[in-house]
Amino acid sequence: MNDIEIYTLPDCPFCIKAKTLLTKNGLKYNEHDISDDEEKKREELKKKFNLSERATVPQITINNKYVGGYSQLKDLFESEKIYEYLK
């Protein structure tokens with residue numbers, strides 16, 4: 001089984017698109033809503049993923065491999081490189 005983690009905000013359109021893309025492809029994910037302490041959690045994400053800029057959402061990992069955001073996830077599906085991330 002795949003371990004997919006996605007860090008989101010409830011009203012984020014790219015978060016919704018990423019979750020829809022995963023669901024459409026039959027992939028289950030663990031969602032982490034950062035809205036309860038957004039600024040602190042953005043800083044934690046920045047450190048966790050070694051980001052030089054402010055952490056945006058969504059932030060996605062698949063099987064402990066960093067994907068990035070919605071655009072990167074979409075590119076993985078379009079190029080079929082998603083299979084390199086999935087078990």
Handout entry: Contacts under 9 angstrom Cβ, first residue in the stretch 51-64 being without any contact (Cβ under 8 Å) to a residue 12 or more places away in the chain, partner crowded, with 19+ Cβ neighbours inside 10 Å and of a type outside the set (A, V, I, L, M, F, W, C), 6 or more apart
Key = 51/59
Handout entry: Hits in the stretch 9-51 - residues which are of a type in the set (S, T, N, Q) and closer than 17 Å to residue 71 by Cβ
Key = 20, 25
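Every number here is computed from the coordinates shown, using simple stated rules; none is lab data. Everything quoted here is computed from the prediction, not taken from an experiment. As a convention, Cβ positions derive from the backbone with ideal geometry for all residues, glycine included, and neighbour counts pool all protein chains shown.
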